[in-house]
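All remarks here apply to the structure that follows.
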Amino acid sequence: MMNKKNWSIAFCMLVCMVARAQTIAWKEVAPGVWKGVVGKPEAYDLLKAAGAQPNTNALGKMTKASFPFSNGDIAGMVTDGKTALRFPLDKEEQLYGFGLNFQTVHQRGKILELHVDHYGGKDNGRTHAPTPFYVSSKGYGVFVNAARYIKVYAGSAVRKDSKHPPVSRDRNTDKNWSARPYSDAVEMQVPAAGAEVYVFAGPTPMDAVRRFNLFNGGGVLPPRWGLGFTQRVKSLYTAEEVAKEADAFAEKGFPLDFIGLEPGWQSKAYPGTFAWDPQRYPAPKTFVQQMLSKGIRLNLWINPYVAADAPFYQTIKPYTGSHTVWTGEVPDFNMPQARNAFFGQLKKDQVAIGVSGYKIDEVDGYDYYLWPDVATFPSGTSAEQMRQTFGVLAMRYSAKMFHQKNQRTYGLVRASNAGAVSFPYVIYNDYYNHEDFITALINSGTAGVLWTPEARASKTAEEWLRRFQTVVFSPMAMINAWSSGTKPWSYAEVASQIKEYALLRMRMMPYWYSVFAQYHFAGTPPFYGMGLEYGFKQTTKKEAANANLEENPYAEATSKEIKDQYMAGENLLVAPLFTGQKSRKVVLPKGRWYDFYTGVFAGDGTVITVEPGLDKIPVYVKDGGIIPLMPARMHAPKAGEKVDLEIRHYGEKPGSFLLYDDDGETFNYEKGEYSFREIKVEGTKGQFKGTISAPVNGKPNTVGNITWTYMTK
């Protein structure tokens with residue numbers, strides 16, 4: 001028999017064996033994408049919640065790449081019912097991603113808990129889209145497919161068995177002593193007894209991001225009208241007031257494609273009935289059709305919490321969670337009965353009469369109104385898992401209504417996550433810091449989401465113009481006037497400049513539409529940071545901390561990050577100015593860049609200082625860049641409508657551009673009813689000649705007459 005001591009030794013050995021890091025077997029599950037499993041992953045995860053299906057055809061067209069790690073580089077183990085993961089990190093490596101962050105682009109050294117929530121002013125992992133995906137400056141990506149609150153230590157901790165331990169230094173005598181010693185690993189903890197891990201090959205960071213997006217189904221392809229202008233009107237507007245607002249836009253010559261109706265369209269909100277208010281909207285079908293006849297679509301605000309006087313309340317009640325939100329029932333969208341009741345009401349009462357989309361509010365956070373982690377749901381989905389995926393589920397099944405109708409939609413949402421790349425929604429929030437909005441736009445490119453730096457109101461005309469300029473160069477050109485009632489012309493001193501940029505947005509629609517086609521078919525994010533741009537070299541140089549050591553004796557210097565300029569499509573670099581700025585520095589990647597407005601050479605792989613004046617947002621075009629434009633107009637082109645093009649070429653190099661075309665409104669492109677026509681500019685400066693490939697027989701062709709403009713003289 002074993003004595004007590006031997007039993008103790010045997011037990012310790014068993015524990016050590018269980019806790020020992022397991023060898024992960026990697027399987028290539030799509031071209032350039034490998035899957036590894038640690039422990040026993042949960043049945044419910046982010047990809048299943050989204051129903052994401054890889055675009056293996058598009059992945060197969062990418063450059064072939066090998067697994068970016070050596071065998072044994074990635075470690076995983078399950079202990080205490082939790083899964084620990086460890087990934088190697090080189091000394092000069094920078095990390096991007098871990099969701100929609102608002103204040104930082106560089107994520108190396110960060111400690112986060114990836115938790116769906118409203119953004120509270122700190123990049124701590126609690127955000128609207130805490131996507132557990134990161135990309136390295138070395139050119140690979142890592143995704144952990146778990147619908148849990150994942151803890152991340154992104155090069156912030158040092159293991160005793162580190163392959164590259166930091167040098168031990170004496171703080172008393174060594175000026176190079178650091179409060180944050182070098183760490184050679186990214187470590188993550190998943191509060192579950194297993195997890196799926198995916199690795200995405202490069203060879204560049206952009207290639208890794210493209211593979212991630214395509215593995216998640218490819219990016220959304222909005223309808224053309226979704227890339228026009230939208231105005232969200234005040235909460236309690238009536239049908240008559242909405243119609244007057246649309247008429248005012250037309251009379252003043254400001255473009256408008258869709259109007260957002262806020263909570264007052266419902267007979268009750270917070271919680272909602274999801275039924276039209278009979279006083280404010282006595283004849284909904286007639287109203288919707290009248291607006292459509294004006295060329296204006298309608299987008300309806302909802303939050304998915306069901307009031308007791310909703311027409312489907314009794315039907316959905318058995319399929320809701322244990323806790324309420326603002327006294328409203330929380331539908332368990334993982335149950336078909338809940339989906340049929342909830343979306344059946346939306347489909348019958350709104351989509352069927354011509355409503356074009358939704359703004360899905362308050363699916364993100366604020367712990368004091370959302371359900372707690374002790375809540376239960378009838379499907380068996382835990383409260384934590386539901387928190388991480390509720391916005392994803394709402395997007396998935398609302399988008400399905402429009403797909404069944406063969407009518408594309410484009411809307412707003414407050415929460416997303418991995419798997420939702422293809423859903424036609426743009427994230428927004430209640431935060432209103434202009435600079436941080438631009439940082440979020442940059443980070444959206446590595447989070448698999450879209451983000452809008454919306455404009456609501458401003459303290460000065462200067463601020464209004466600066467905000468509006470960035471709205472023009474974003475995924476959704478929106479004024480959100482639900483509270484303020486602000487109009488584009490509300491600041492008379494800059495109304496003419498506002499109109500100029502509003503019309504520029506419309507002129508650029510062929511470019512924006514083609515950029516989004518690349519998102520859908522090739523996985524290239526339409527807006528992204530400089531770390532993904534070819535020719536941009538990220539420096540790891542440290543900036544001085546300039547801290548008061550009496551207050552913070554462990555203050556550390558940080559790496560310089562560029563979080564106030566971004567790429568808008570493959571050809572444009574946008575460098576916003578903020579209120580009070582007269583000038584700014586712009587970091588131009590390697591390669592010649594030209595002023596968007598004039599075609600004049602701006603620089604090559606250098607830092608320039610610009611003073612554009614109030615009327616301009618600095619925008620630059622890479623050498624050989626092609627920007628297709630159309631005439632300014634009040635609404636997006638209708639399905640099949642031919643539009644004349646002005647094709648601009650910049651710089652001294654030949655160039656090419658793929659112009660995308662389809663009907664602009666339906667999902668017929670999924671049946672092959674689309675085309676890419678190659679625009680080419682060949683020759684040398686002063687002798688350039690432009691051509692466009694012939695339209696394909698049987699494919700959509702909305703291109704009218706073409707004029708060529710060579711901007712660089």
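Our helix-only sum for the chain, with -39,500 (n - 2.57) per DSSP H run of n ≥ 4 divided by its residues, gives a mean residue ellipticity at 222 nm of -6500 deg cm²/dmol. Measure out, as a whole number of angstrom, how far apart the alpha-carbon centroids of region 465-526 and region 255-306 sit. So the separation of the two Cα centres works out to 23 Å.
Normalising by the residue count of region 226-503, find the relative contact order in percent from Cα pairs under 8 Å and 6+ residues apart.
The value is 18 percent.
Each principal axis of region 255-304 carries a Cα extent, and these read 33, 20, 13 Å when sorted largest first.
Panel values: region 346-416, Kirkwood radius from alpha carbon pairs, Stokes-Einstein at 37 °C and 0.692 mPa s, translational diffusion coefficient 244 µm²/s. Expressed to the nearest 5 percent, the antiparallel share of DSSP beta bridges inside the chain is 70 percent. Separation of region 378-424 from region 574-605 is 38 Å, based on Cα centroids. Computed from label points 7 Å out along Cα-Cβ, the spacing between Lys268 and Thr684 is 7.7 nm.
Derived value for region 429-540: Kirkwood hydrodynamic radius 15.3 Å. Basis is the mean of 1/r over every pair of different alpha-carbon atoms. Full extension of the chain between Glu646 and Glu493 yields a length gain of 52.0 nm, computed as 0.36 nm times the residue separation minus the alpha carbon distance.
Have a look at the DSSP beta bridges in region 626-710 and tell me what percent are antiparallel, nearest 5. Of the beta bridges lying entirely in region 626-710, close to 70 percent run antiparallel. Just so you know, the Rg over Rh for region 375-445 is 1.04, from Cα atoms, with Rh as the Kirkwood radius.
Screening the chain for whole DSSP H helices of 27 Å or more along their axis (Cα) with average Kyte-Doolittle hydropathy at least -1.0 returns 383-404. Among 614-623, 569-578, 69-78, the peptide with the highest mean count of other Cβ atoms within 10 Å heads the list, and the full ranking is 569-578, 614-623, 69-78. The alpha-carbon atoms of region 186-278, seen along their principal axes, cover 55, 36, 21 angstrom, with the largest extent given first. Using only alpha carbons, region 226-503 has a radius of gyration to Kirkwood radius ratio (Rg to Rh) of 0.96.
Based on C-alpha pairs under 8 angstrom that are at least 6 apart in sequence, the chain has a relative contact order of 12 percent. The Rg/Rh ratio of region 626-710, with both radii computed over alpha carbons and Rh defined as the Kirkwood radius, is 1.01.
Taking the DSSP beta bridges with both ends in region 226-503, the antiparallel portion is around 20 percent. Among 223-236, 645-658, the peptide with the highest mean count of other Cβ atoms within 10 Å heads the list, and the full ranking is 223-236, 645-658. Model label sites at Arg633 and Ser293, defined 7 Å from Cα along the beta-carbon direction, differ in position by 2.1 nm. The calculated Kirkwood hydrodynamic radius for the chain is 26.8 Å, given to one decimal from all distinct C-alpha pairs.
Values in this text are rule-based calculations from the coordinates and carry no lab data. Keep in mind that this is a model prediction, so the values were computed, not measured. Because the Cβ atoms are built from the backbone with ideal geometry, glycine has one as well, and the counts that use them run over all protein chains shown.
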